[in-house]
Structure formats: structure tokens, C-alpha cells
Amino acid sequence: MIIINLDVMMAKRKISLGELSDKVGITLANLSILKNNHAKAIRFSTLDAICRALECQPSDILEYIPDKEESAK
């Protein structure tokens with residue numbers, strides 16, 4: 001499972017969803033989908049724009065958590 005920690009980085013950078021939306025050029029609705037972990041995919045260009053705006057690395061936003069079934073193997 002991939003977790004998107006966008007809300008954590010936004011809090012660290014003290015930036016609102018609206019501000020980030022303006023800087024990145026993504027609609028508020030699509031950014032909200034990412035922030036709330038409802039996204040099925042993310043484009044590299046979007047990830048790049050978010051990292052530029054938040055001055056962070058992709059690993060600051062994306063986190064991999066193994067499924068319980070996989071870790072039991």
C-alpha cells in the first residue's frame with residue numbers, strides 16, 4: 001500500500017490546499033483527492049510540481065507500507 005503524506009508536508013511548510021493548488025496548477029478537487037489518500041495514481045509531472053512547491057523529495061510525500069498478507073510470507 002502506498003500512503004500519500006501530502007497533508008503532513010503541507011503542515012510542515014505551512015501552506016494551505018488553495019495555495020498549493022495555485023502553485024502546482026492542479027484543481028483543488030484533484031489535490032484534495034491526493035491529500036486524502038483517495039488517488040489511484042499520480043503523474044510524475046504532478047509529483048514533480050508538488051515537490052518543487054513544497055521544496056521536498058518524493059519520499060517525503062510517498063510512503064510504502066507492506067500489506068499484512070505480504071509481510072506474513
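Nothing in this text is a laboratory measurement; each read-out follows from the coordinates by a stated rule. What you are looking at is a predicted structure, and each value in this text was computed from that prediction instead of being measured. Virtual Cβ from ideal backbone geometry, glycine too; neighbours counted across all protein chains shown.
Listed values, structure above:
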| item | result |
| --- | --- |
| For semi-axes √(5λ) of the Cα gyration tensor in Å, calculated from these coordinates, the label among (i) 21, 14, 10; (ii) 18, 13, 12; (iii) 24, 12, 11 | (iii) |
| Charge dipole of the chain about the Cα centre (unit charges at C-beta), most positive-ward option of Tyr64, Leu54, Ser21 | Ser21 |
| Estimated dipole of region 2-68 in Debye, rounded to 20 [Cβ of Lys and Arg +1, of Asp and Glu -1, Cα centre] | 60 |
